[in-house]
1. From the list Asp56, Asp30, which residue is at pLDDT 95 or above, of a type outside the set (S, T, N, Q), loosely packed, with under 13 Cβ neighbours inside 10 Å and at negative phi?
2. Does Lys68 satisfy the criteria of being more than 18 Å from Ala25 (Cα to Cα), basic (Lys, Arg) and surrounded by 12 or more Cβ atoms within 10 Å (Cβ to Cβ)?
3. Mind checking which pairs have a first residue in the stretch 135-148 that is of a type in the set (A, V, I, L, M) and a second that is in a helix (DSSP H, G or I) and at pLDDT 95 or above, Cβ under 7 Å, 6 or more apart or different chains?
4. Applying the selection to the stretch 113-135, what residues are more than 19 Å from Lys34 (Cβ to Cβ) and small (Gly, Ala, Ser)?
5. What single numbered condition from (1) exposed (fewer than 11 other Cβ atoms within 10 Å of the Cβ); (2) under 14 Å from the mean Cα position of the chain (by Cα) fails to hold for Val41?
6. Any chance you could count how many residues in the stretch 64-109 are in contact (Cβ under 8 Å) with a residue 24 or more places away in the chain and closer than 18 Å to Phe139 by Cα?
7. I'd like the residue in the stretch 81-104 that is among the polar types (S, T, N, Q), part of a loop (DSSP other than H, G, I, E, B) and modelled with pLDDT of 95 or more and, out of all such residues, is surrounded by the most Cβ atoms within 10 Å (Cβ to Cβ).
8. Kindly evaluate Lys76 against the criterion of being assigned to a loop (DSSP other than H, G, I, E, B) and more than 21 Å from Ile29 (Cβ to Cβ).
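The values are calculated or read from the model by the stated rules, or taken from the named source; none is laboratory data. Remember, it's a predicted structure, so these values are computed and weren't measured experimentally. Quick reminder, even Gly has a Cβ in these numbers, built from the backbone with ideal geometry, and neighbours come from all protein chains shown.
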Amino acid sequence: RQYDSIGNLREWWDADVKERFEERAQCIIDQYEKIDVPGTVLNISGELTLGENIADNGAIKQSYMAYKNYLRRHGKEKRIKGLEQFNNEQMFFLGYGLSYCENMTRTHLIYLLLSDNHSPSRTRVNQVLANYPEFAAAFHCRVGTPMNPTKRCAVW
């Protein structure tokens, strides 16, 4: 938003667009700052992690749209033995979650919370998917549950 189409530093959004973006960004900030991080007494810094949180929330939409386009072109994918109870859409979201699997010490987690511009992996999965109605639809999550909240945030 600060660089024009040829890379020059220039504010090119009009006041209305900028205001709407800032309102949506504030929703993300507020939402992430309310998240308690298990194993610590800390919360996520919504300001520090804002850029990456916006990117994560936008990326799931783009990648899911690309996957749905793939399915339209090529048909349903074969089921994986042992995971036949999951449909293609559910497998997409399981794959997304698995891509963030990690194990870290409490000390390292606290260090990341204080200094990293990324939210912890657990949040990068759960909060992003909670903000994405297609996830709730794929898994038939009841409205008002943590993975299908009544209030969601979206920037893009």
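1. Values: Asp56 fails: loosely packed, with under 13 Cβ neighbours inside 10 Å.
So the residue among Asp56, Asp30 that is at pLDDT 95 or above, of a type outside the set (S, T, N, Q), loosely packed, with under 13 Cβ neighbours inside 10 Å and at negative phi is Asp30.
2. Numbers: more than 18 Å from Ala25 (Cα to Cα): yes; basic (Lys, Arg): yes; surrounded by 12 or more Cβ atoms within 10 Å (Cβ to Cβ): yes.
Here the answer is yes, as Lys68 does meet what is asked.
3. What qualifies is Ala138/Glu89; Ala138/Gln90; Ala138/Phe93; Met147/Leu129; Met147/Ala130; Met147/Phe135; Met147/Ala136.
4. We begin by selecting, within the stretch 113-135, every residue more than 19 Å from Lys34 (Cβ to Cβ); these are 115, 133-135.
Listed by number, the list holds a single entry, Ser115.
5. Tallying (1) exposed (fewer than 11 other Cβ atoms within 10 Å of the Cβ); (2) under 14 Å from the mean Cα position of the chain (by Cα), Val41 fails exactly one: (2).
6. Count: 9.
7. Here is the first cut: in the stretch 81-104, the ones among the polar types (S, T, N, Q) are 85, 87-88, 90, 99, 103.
Adding the requirement that they be part of a loop (DSSP other than H, G, I, E, B) leaves 85, 87, 99, 103.
So of that shortlist, the ones also modelled with pLDDT of 95 or more come out as 85, 87, 99.
Details: Gln85: 7, Asn87: 13, Ser99: 10.
Here the residue is Asn87.
8. Details: assigned to a loop (DSSP other than H, G, I, E, B): yes; more than 21 Å from Ile29 (Cβ to Cβ): yes.
Yes; evaluated as a whole, the condition is true for this residue.
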